[in-house]
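To keep things clear, I will list the structure first and then write my remarks on it.
The values are calculated or read from the model by the stated rules, or taken from the named source; none is laboratory data. For clarity, every value in this text was computed on a predicted model and none was experimentally measured. Glycine also receives a Cβ, built like all others from the backbone with ideal geometry; neighbour counts cover every protein chain displayed. Keep in mind that these areas ignore ligands, DNA and RNA; they rest on the heavy atoms of the full protein, side chains included. Shrake-Rupley method; radii C 1.70, N 1.55, O 1.52, S 1.80 Å.
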Amino acid sequence: QVRLVESGGGLVQAGGSLRVSCTTSGSTLTGYAMGWFRQAPGKERDFVASISWSSSRTEYADSVKGRFTISRDNAKNTVYLQMNSLKPEDTAVYYCAADRLRYSNSQFIPAYWGQGTQVTVSS
């Protein structure tokens with residue numbers, strides 16, 4: 001079982017930046033591919049970004065490419081999502097997720113979720 005905890009959400013003006021973090025309680029993120037998803041009110045939860053367990057590969061949704069950066073620090077058991085040039089449409093609850101398998105090189109399939117952190121971008 002992987003327990004994930006997000007932090008760092010908040011209110012920011014359009015064009016601003018914010019970094020959200022994801023860490024674990026009582027377990028390790030080492031070996032797990034990790035991802036960020038977001039869910040706006042009345043909408044489905046959407047993929048934002050993912051990073052492989054080795055950090056060698058990252059993927060992004062088209063809507064955030066060039067603005068968001070996912071990274072990880074295994075020594076700190078933490079995954080980050082740096083969000084720049086934020087837009088009002090980025091407003092959502094951001095969820096961290098861990099892959100179902102450790103040291104997997106197959107497609108990222110989220111199996112463990114955090115409780116989410118709210119990001120609000122004002123216009």
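Checking each residue in the stretch 8-38 for being in a strand (DSSP E or B) and open to solvent by 60 Å² or more (accessible area, probe 1.4 Å) picks out Leu11, Gln13, Arg19. Restricting Gly42, Gly10 to residues that are without any contact (Cβ under 8 Å) to a residue 24 or more places away in the chain, under 20 Å from Ser122 (Cα atoms) and of a type outside the set (Val, Ile, Thr) narrows the list to Gly42. Inspection of the stretch 42-56 identifies no residue that is at pLDDT below 95, surrounded by fewer than 15 Cβ atoms within 10 Å (Cβ to Cβ) and not small (Gly, Ala, Ser). Within the stretch 10-31, the residues that satisfy the criterion of being modelled with pLDDT under 95 and not aliphatic (A, V, I, L, M) are Thr24, Ser25, Gly26, Ser27, Thr28, Thr30, Gly31. Each residue in the stretch 1-15 was checked for being within 18 Å of the chain's Cα centre (by Cα) and closer than 16 Å to Gln118 by Cα, and 9 of them qualify. Scan the stretch 38-70 for residues that are over 14 Å from the mean Cα position of the chain (by Cα) and β-branched (Val, Ile, Thr) and the total you get is 0. Tyr94 meets each of the listed conditions (1) in contact with a strand residue (DSSP E or B) (Cβ under 6 Å, 6 or more places away or on another chain); (2) more than 15 Å from Cys22 (Cβ to Cβ); (3) open to solvent by less than 30 Å² (accessible area, probe 1.4 Å) apart from (2).
Residues of the stretch 54-85 that are touching a residue at least 24 places away in the same chain (Cβ under 8 Å), touching a Ser or Thr at 6+ places or on another chain (Cβ under 7 Å) and either farther than 18 Å from Cys22 by Cβ or in a loop (DSSP other than H, G, I, E, B) (or both): Asn77, Asn84.
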